[in-house]
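The values are calculated or read from the model by the stated rules, or taken from the named source; none is laboratory data. Here the structure is a predicted model, which means the values were calculated and not measured. Reconstructed Cβ throughout: ideal geometry from the backbone, glycine too, with neighbour counts over all protein chains shown. Surface accessibility is based on the protein's heavy atoms, side chains included, excluding ligands, DNA and RNA. Shrake-Rupley method; radii C 1.70, N 1.55, O 1.52, S 1.80 Å.
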Amino acid sequence: FAHVPMILGTDRSKLSKRHGAASVMEYAEQGFLPEALFNFLALLGWSPGNDEEIFSEERLVNLFDLSGVGKANAVFDTEKLLWINGMYIRAMPRDEIVRRVIDFMPSRGIDPSRHERSWLEGIISLVIERGRTLVEMIDQLSYFFKDDIVYDEKGIDKISKGGDPVAFLEMALQALSNAGDFSLSSLEEAMRQLIEENNIGFGKIAQPVRLALTGGLASPGLFEVIHFLGKDKTLDRIRKAMTFLKNRKTH
């Protein structure tokens, strides 16, 4: 018989539902990988005796010994779980993590069958280094699947401080309209010419465009976002953002 340490919340009180999910299935619904949760739970009250924290299931089984179980109560640190989960996402073979994200999409209201597999693989690759859970990854891609973009108010205020965002969007609209095949190289060339001809910084153009396309000022690389949105959606969203910003100034 062995007594393992009690698991506490981050406030050092007895772990309960108010600290977060209360069952394994709830963590699955939040987009945590089973391998990562297994790894995390093994470290609650047990240590391999060194600083190692990421293990395969087989290695954990081989390493585990009751002599490594401590006497102090363990703390269920959700931030640590998120970190471990992110490490598993980035270490997983690309095809496997793409499959898991696609399989998870219906739970976030997205029907992946409406889109080409290669396109889905492309946009998922943009957030593999950024997401800590399957939910985070899909939510970071949500603007690809929306018809109407909701603009972040703080983002609008920020881009407005650097000049007239409508004027910058007009410049971008003209440049992207003539960008050719919308490959990454053609987009970069179109933007480079725009910046050189108008003697302005990249951010002056990029941030208003990013807001127009995604609704916020944080996203994967702008050229990648434009490329995967495609010409029609990109130009349409820039026009809609220009109209929105113009109307906003008159009210």
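Each row is one residue, and each column tells you yes or no for (1) closer than 24 Å to residue 15 by Cα; (2) in a helix (DSSP H, G or I).
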position	(1), (2)
36	yes, yes
39	yes, yes
44	yes, no
51	no, no
55	no, no
59	no, yes
67	no, yes
71	yes, no
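Would you confirm whether or not the stretch 8-27 contains a residue that is among the aromatic types (Phe, Trp, Tyr) and in a loop (DSSP other than H, G, I, E, B)?
For the stretch 8-27, residues among the aromatic types (Phe, Trp, Tyr) and in a loop (DSSP other than H, G, I, E, B): absent.
Out of curiosity, is residue 125 within 17 Å of residue 230 (Cβ to Cβ), touching a residue at least 12 places away in the same chain (Cβ under 8 Å), open to solvent by 20 Å² or more (accessible area, probe 1.4 Å) and among the polar types (S, T, N, Q)?
So residue 125 fits the description; yes.
With the structure loaded, tell me whether residue 107 is open to solvent by 70 Å² or more (accessible area, probe 1.4 Å), closer than 30 Å to residue 88 by Cα, touching a residue at least 24 places away in the same chain (Cβ under 8 Å) and not in a loop (DSSP other than H, G, I, E, B) or whether it fails that test.
On the way: open to solvent by 70 Å² or more (accessible area, probe 1.4 Å): yes; closer than 30 Å to residue 88 by Cα: yes; touching a residue at least 24 places away in the same chain (Cβ under 8 Å): yes; not in a loop (DSSP other than H, G, I, E, B): yes.
Against the criterion (open to solvent by 70 Å² or more (accessible area, probe 1.4 Å), closer than 30 Å to residue 88 by Cα, touching a residue at least 24 places away in the same chain (Cβ under 8 Å) and not in a loop (DSSP other than H, G, I, E, B)), residue 107 qualifies.
Can you spot a residue in the stretch 238-248 that is touching a Phe, Trp or Tyr at 6+ places or on another chain (Cβ under 6 Å) and open to solvent by 30 Å² or more (accessible area, probe 1.4 Å)?
Residues of the stretch 238-248 touching a Phe, Trp or Tyr at 6+ places or on another chain (Cβ under 6 Å): none.
No.
Just to verify a result, which residue in the stretch 172-201, among those that are in contact (Cβ under 8 Å) with a residue 40 or more places away in the chain and either part of a helix (DSSP H, G or I) or in contact with a Leu (Cβ under 6 Å, 6 or more places away or on another chain) (or both), is most open to solvent (accessible area, probe 1.4 Å)?
In this case the residue turns out to be 184.
Restricted to the stretch 59-104, and to residues that are closer than 26 Å to residue 4 by Cβ and of a type in the set (Lys, Arg), which residue is surrounded by the fewest Cβ atoms within 10 Å (Cβ to Cβ)?
Taking the candidates together, the pick is 71.
With the structure loaded, tell me whether residue 218 is among the hydrophobic types (A, V, I, L, M, F, W, C), open to solvent by 70 Å² or more (accessible area, probe 1.4 Å) and either modelled with pLDDT of 95 or more or in contact with a helix residue (DSSP H, G or I) (Cβ under 9 Å, 6 or more places away or on another chain) (or both) or whether it fails that test.
It is true that residue 218 is among the hydrophobic types (A, V, I, L, M, F, W, C), open to solvent by 70 Å² or more (accessible area, probe 1.4 Å) and either modelled with pLDDT of 95 or more or in contact with a helix residue (DSSP H, G or I) (Cβ under 9 Å, 6 or more places away or on another chain) (or both).
Of these, 213, 245, 235, 169, which one is under 18 Å from residue 122 (Cβ atoms), part of a helix (DSSP H, G or I) and modelled with pLDDT of 90 or more? Working first, answer last.
Working: 245 fails: under 18 Å from residue 122 (Cβ atoms); 235 fails: under 18 Å from residue 122 (Cβ atoms); 169 fails: under 18 Å from residue 122 (Cβ atoms).
Answer to the selection: 213.
Mind telling me which of the residues 49, 9, 31 ends up being open to solvent by less than 20 Å² (accessible area, probe 1.4 Å) and over 12 Å from residue 133 (Cβ atoms)?
Values: 49 fails: open to solvent by less than 20 Å² (accessible area, probe 1.4 Å); 31 fails: over 12 Å from residue 133 (Cβ atoms).
Only one candidate passes the filter, namely 9.
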